[in-house]
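Some notes on the structure that comes next.
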Amino acid sequence: MDHRLLEIVACPVCNGKLYYNKEQQELICKPDGLAYPVRDGIPVLLEVEARTMTMEETNP
């Protein structure tokens with residue numbers, strides 16, 4: 001994931017900062033507890049495609 005892209009993308013729900021999880025290939029929105037998939041290097045920033053994170057994931 002290009003670090004320049006991470007500087008400009010935002011959560012489509014709250015417009016907050018997204019964090020890249022390289023292992024899971026996801027962009028994480030901590031305040032909303034959502035994980036957006038990255039498929040073939042392309043972030044899929046659609047709320048309907050996001051995975052709701054578990055409590056353990058959001059509060060490690």
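The values are calculated or read from the model by the stated rules, or taken from the named source; none is laboratory data. Nothing here was measured: the structure is a model prediction, and the numbers come from that model. When we count neighbours, we look across all protein chains shown, and the Cβ atoms used for this are built from the backbone with ideal geometry, even at glycine. Remember, those area values only see protein heavy atoms, side chains included, never the ligands or the DNA or RNA. Shrake-Rupley method; radii C 1.70, N 1.55, O 1.52, S 1.80 Å.
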Identify, please: which residue in the range 2-36 is open to solvent by 60 Å² or more (accessible area, probe 1.4 Å) and of a type in the set (S, T, N, Q) and is, among those, farthest from Thr52 (Cα to Cα)? Asn15
Before we move on, is Leu45 without any contact (Cβ under 8 Å) to a residue 60 or more places away in the chain and either touching a Pro at 6+ places or on another chain (Cβ under 7 Å) or among the polar types (S, T, N, Q) (or both)? yes
